Amino acid sequence: MQMIVHSYAKANVGLKVTGRREDGYHTISSYFLLLPFYDEIKVSIEEGPYSVSIKGNESYIGSKEDLMENSARLFSLETGLSFSLKIEIKKNIPLQAGLGGGSSDAASVLIALNNYFKYFSQEELIDFSQLVGADVPFFTSGYKCAYVSGIGERVEEREWLKEYKYVSLFRAKGSGVSTIEAYRKLDEYNLNTTPLSNLVYPLKRSEFPNDFELIEGKSIFDEIKNTIKEDDYLSLSGSGSVWFLLSKEPYCSKSEYFLSCKKII
């Protein structure tokens, strides 16, 4: 069986690091919003001896294929099912951007396998997917917007703020942020902040901050902040390096940082 799936990116509407567990994992409080930017994945599944092959953007494959491979391996180990899995990926979501591209790709592999074998219920798949990675449960949930807590395994669906109809992305060329390194730097601030409040329009940066802006250079923010409207929301996503803008109207800029503007899903 063959299928083509879109692995969508996410943005963090507010991201507070609320603590660090004894095992080293950090707990968070954040709202995840599904974005209209995606990787394209062609999946071919056949029953038979277990094997996984991946073809696609080589720069991506060199650093991230293990997450997709791990999702397939864990699915096989948990279910006892054996299969041949071939993946062809067209990577559109930038790497080390805070948009969850790697987690989304891994979730798409799980969803494709589960659609084929029909082993897990939706709730079981969300629960199982936390074994693959911290952000993966959100992407397996199918939610457009969710409150995410714990280390990313607690996912609660939320109603999106319909006033925000468009999202724009900004990124400095050649930039990239290692999540592990970003958390290491943030640990120096000894953060143990309180969880985020409920979503309310208009979003205010003071009420929905991203803690990682403490260690992120503000060159993009400083350039963009004077070109947006009062009720627009501009923030870093994840641990960076992409900034995103939520707005009522389409946004267009000649800034070298501007990537794209699309209507929210």
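The values are calculated or read from the model by the stated rules, or taken from the named source; none is laboratory data. All of these numbers come straight from a predicted model, not from anything done at the bench. Note that each Cβ is placed from the backbone with ideal geometry, even for glycine, and that neighbours are counted across all protein chains shown. For the accessible areas, the whole protein counts, side chains as well, though only heavy atoms, and no ligand, DNA or RNA atoms are used. Shrake-Rupley method; radii C 1.70, N 1.55, O 1.52, S 1.80 Å.
Counting Lys +1, Arg +1, Asp -1, Glu -1, what net charge surrounds V136 among other residues with beta carbon under 10 Å of its beta carbon? Each step should come with its number before you reach the end.
On the way: positive: none; negative: D105, D135, E153.
That works out to -3.
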Report summary line: Heavy-atom accessible area of the range 5-113 with neighbours in place, 1.4 angstrom probe: carbon+sulfur share in percent works out to 46
Query raised in the report: For the range 1-50, with equal point scatterers placed on the C-alpha atoms only and solvent neglected, what are the log10 I(q)/I(0) values from the Debye formula at q = 0.29 1/Å, to two decimals?
Result: -1.04
Query - Nonlocal amide H pairs with F37, under 5 Å, H built at 1.01 Å - result: A9
Query - Normalised convex hull volume, the range 1-149, alpha-carbon set, Å³ per residue - result: 110
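Hey, what did the chain get for relative contact order, percent, Cα under 8 Å, at least 6 apart? List each step's numbers first, then the result.
Details: 557 pairs, mean separation 64.7, N = 265.
24 percent.
Viscosity 1.002 mPa s, temperature 20 °C: Stokes-Einstein D of the range 131-185 from its Kirkwood Cα radius, in µm² per second? Walk me through the numbers on the way to the answer.
Working: Rh = 13.9 Å.
Translational D for this selection: 154 µm²/s.
Using the heavy atoms of the protein chains and a 1.4 angstrom probe, tell me the accessible area per residue for the chain in square angstrom.
In whole numbers, the chain has 48 Å² accessible per residue.
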Report task. Select from the range 177-265 those chymotrypsin sites (Phe, Trp or Tyr not before Pro) which occupy a DSSP coil region and have at most 12 other Cβ atoms within 10 Å, ordered by residue number. Result -> Y189
Requested in this report: Pull up the cross-link candidates among the lysines for K42, meaning alpha carbon to alpha carbon under 27 Å and not fewer than 8 places away within one chain.
Outcome: K10, K55, K64, K86, K90, K91, K118, K144, K262, K263
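Provide the packing ranking of 32-42, 100-110, i.e. peptides ordered by the mean count of other C-beta atoms within 10 Å per residue, highest first. Please list the in-between numbers first.
On the way: 32-42: 21.5, 100-110: 27.2.
Going from most to least packed, we get 100-110, 32-42.
Out of the GluC sites (Glu not before Pro) in the range 144-199, which ones are loop residues according to DSSP with at most 14 other C-beta atoms within 10 Å? Numbers along the way, then the final one.
On the way: sites: E153, E156, E157, E159, E163, E181, E188; in loops: E153, E159, E163, E188.
Answer by residue number: E159, E163, E188.
At 222 nm, what value in deg cm²/dmol follows for the chain if DSSP H runs of at least 4 each add -39500 (n - 2.57) and the sum is divided by all its residues, to the nearest 500?
Details: 6 runs with 68 residues, N = 265.
Using -39500 (n - 2.57) per qualifying helix, the result is -8000 deg cm²/dmol.
Kindly state, to the nearest 0.05, the FRET efficiency for N57 paired with F117, given R0 = 25 Å and r defined as their beta-carbon distance. Write out the running numbers ahead of the final one.
Values: r = 28 Å, r/R0 = 1.11.
FRET efficiency, N57 to F117: 0.35.
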**Report entry** Neighbourhood charge, 11 Å Cβ-Cβ cut-off, centred on S108 and excluding it, Lys, Arg +1 and Asp, Glu -1
**Finding:** -2
Query raised in the report: Between N198 and C252, how many nm apart are label points set 7 Å from Cα along the C-beta direction?
Result: 3.9
Requested in this report: Rank L234, L77, L67 by mean-square fluctuation in a GNM of the chain with C-alpha springs under 10 angstrom and give only the top-ranked residue.
Outcome: L77
Query raised in the report: Tell me, in nm to one decimal, what length is gained between E230 and R184 on full extension, where the rule is 0.36 nm per residue of separation less the Cα-Cα distance?
Result: 13.2 nm
Query raised in the report: Going out from 0 in 5 Å bins, what whole percent of all Cα-Cα distances in the range 124-265 drops into each bin?
Result: 2, 8, 16, 20, 21, 19, 11, 3, 1, 0
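Using r as the Cβ-Cβ distance of L191 and E156, and R0 as 30 Å, what FRET efficiency do you calculate, to the nearest 0.05? Could the numbers behind the result be given before it?
Values: r = 22 Å, r/R0 = 0.74.
Efficiency, from the Cβ-Cβ distance: 0.85.
What number comes out for the charge environment of I215, summing +1 per Lys or Arg and -1 per Asp or Glu over other residues with Cβ under 14 Å away?
Numbers: positive: R184, K185, K218; negative: E181, D187, E188, D211, E213, E216.
Within the 14 Å Cβ shell, the charges total -3.
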Query raised in the report: When the Cα centres of the range 23-42 and the range 171-245 are compared, how far apart do they sit, in Å?
Result: 15
